[in-house]
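Engineer: If you scroll down you'll find the structure; I have some questions about it.
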Amino acid sequence: MALAAYERGIASCIVARAEETFDTPLGRSLMQEWDIPEGYTARCFVTLGYVEGPYPQPKPRRPGRTRIIEPKE
């Protein structure tokens, strides 16, 4: 969803705390209202919007936190 939004010029932010939000009486009632089947778990939110001005640059990654594995030929 985030990549499709970006292709259309829409910014996004993935927030990974939906499990805690929807594990409340209000959250469960919203899932029922939205016809989310029983047994489904919300994992994250994707917020969408437009950026005013230049697109923000990503924060630097901490050393050792990411690894790129290139395929063998």
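The values are calculated or read from the model by the stated rules, or taken from the named source; none is laboratory data. If you're wondering where the values come from, they're calculated on a predicted model, not measured in any experiment. Every residue, glycine as well, gets a Cβ built from its backbone with ideal geometry; the counts of neighbours run over all protein chains shown.
Engineer: Can you name every residue in the range 46-65 that is surrounded by 10 or more Cβ atoms within 10 Å (Cβ to Cβ) and either part of a helix (DSSP H, G or I) or at pLDDT 90 or above (or both)?
Structural biologist: If the condition is that a residue be surrounded by 10 or more Cβ atoms within 10 Å (Cβ to Cβ) and either part of a helix (DSSP H, G or I) or at pLDDT 90 or above (or both), then V46, T47, L48, G49 are the ones that fit.
Engineer: Cβ-Cβ below 9 Å, separation at least six or inter-chain, first residue in the range 16-35 and closer than 20 Å to A2 by Cβ and in contact (Cβ under 8 Å) with a residue 12 or more places away in the chain, second of a type in the set (D, E, K, R) and in a loop (DSSP other than H, G, I, E, B): which pairs?
Structural biologist: A16/R43; A18/R43; E19/R43
Engineer: Sticking with this one: Using beta carbons and a limit of 7 Å, which pairs, at least six apart or on different chains, have the first residue in the range 36-50 and hydroxyl-bearing (S, T, Y) and the second one surrounded by 11 or more Cβ atoms within 10 Å (Cβ to Cβ) and in a loop (DSSP other than H, G, I, E, B)?
Structural biologist: Y50/I10
Engineer: Still on this structure, I have one more. For the range 34-45, which positions are among the hydrophobic types (A, V, I, L, M, F, W, C) and surrounded by fewer than 10 Cβ atoms within 10 Å (Cβ to Cβ)?
Structural biologist: Listed by number, the list holds a single entry, W34.
Engineer: Looking for something more than 27 Å from K59 (Cα to Cα), part of a loop (DSSP other than H, G, I, E, B) and among the aromatic types (F, W, Y) - is there at least one such residue anywhere in the range 18-34?
Structural biologist: Yes: one or more hits.
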